[in-house]
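Data block below; observations after.
Where a number appears in this text, it was derived from the coordinates with a stated rule and is not lab data. Keep in mind it's a predicted model, so treat the numbers as computed, not measured. Every residue, glycine among them, receives a Cβ derived from its backbone with ideal geometry; neighbour counts consider all protein chains shown.
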Amino acid sequence: MNFLEERIVKDGVVKEGNVLKVDSFLNHQMDIKLLDQMGAEFKRRFADKPINKILTIEASGIGIACVAAQHFNVPVVFAKKSQSINLDGDMYVAEVESFTHKCINHVIVAQKFLNPEDHVLIIDDFLANGCALQGLIQIVQSSGATVEGIGIAIEKGFQSGGRIIRNLGFQLESLAIVDGMNAETGEIQFRDQSKTELNGTEKAEDEICRSATLD
C-alpha cells in the first residue's frame, strides 16, 4: 500500500453511491506535505517526458497541479468552468459532462496560454468517467500542443474512465486506483498497479462523453 492509499484508508470516508470523500486532506482542506509527495511521485513517473506545462481544471485539481509544478519547474494553466470578464481574446472551449455534479460544463482555456511548442502534463484529483479529461485532451490537441501524460490522484477503477483514456493511447498514471468501496463497512479495495496495463486494446464504447472543442 503506497502513501496515498494509506492516507485514504486513514482519513477517507466512503458514502453511498460510490462516493469517496477526501476533503479533509486533498480537495477542500489540503495537506501540503502529502501534495508534495504526490508531486514528487508524478515527477518520477514522467521523468522521461519533456514537460514544460501542466494543465488542470478548476477547482480541485489546482492545488495538486501547483505543488506538482514545483517538481517540474513549469507553469500551471487551469481550465475555467465559466466565462468571466477577466477572460479575453480567443479561447479553446470544450463541453464536458460532470459526473459529480450531473451537469454540463464549458471548460475554457485562453489560446495564448497553449501553443504548438508546449508539452503538457494533465493533472486532476479524481478520474471517474473520463469526460473532463477528454475535454482537456481535446483542448490541448486543438492548440497543436502535445499531451505527454496524465496524472491522477485517485482513479475509480470500477468506472470506465481509466480504460477509455488508456485505450486512447495516453500514459495515464493514477497514484491510487479504487476498485471497490463499501459504504456500510467503510472498506476500500485498491488495485495492485503492478498488474495495470498502460495501453489496453478493448474498445470502450459503453461510455460516450458529450464533449466537443470549439474554435
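Please give the FRET efficiency for VAL9 paired with GLU117, using the beta carbon to beta carbon distance and R0 = 30 Å, rounded to the nearest 0.05.
On the way: r = 42 Å, r/R0 = 1.40.
It comes out at approximately 0.10.
Would you mind checking LYS43/LYS156; LYS80/LYS112; LYS43/LYS112 for any pair whose Cα atoms are more than 19 angstrom apart? The partial results should precede the final answer.
Working: LYS43/LYS156 22 Å; LYS80/LYS112 14 Å; LYS43/LYS112 26 Å.
Cα-Cα > 19 Å for LYS43/LYS156; LYS43/LYS112; rest within.
If you place +1 on the Cβ of every Lys and Arg, -1 on the Cβ of every Asp and Glu, and leave all else neutral, what size is the dipole of segment 148-197 about its Cα centre, to the nearest 20 Debye? Before the final figure, lay out the partial values.
Details: 5 positive and 8 negative charges, 32 e Å.
Computed about the Cα centre, the dipole is about 160 debye.
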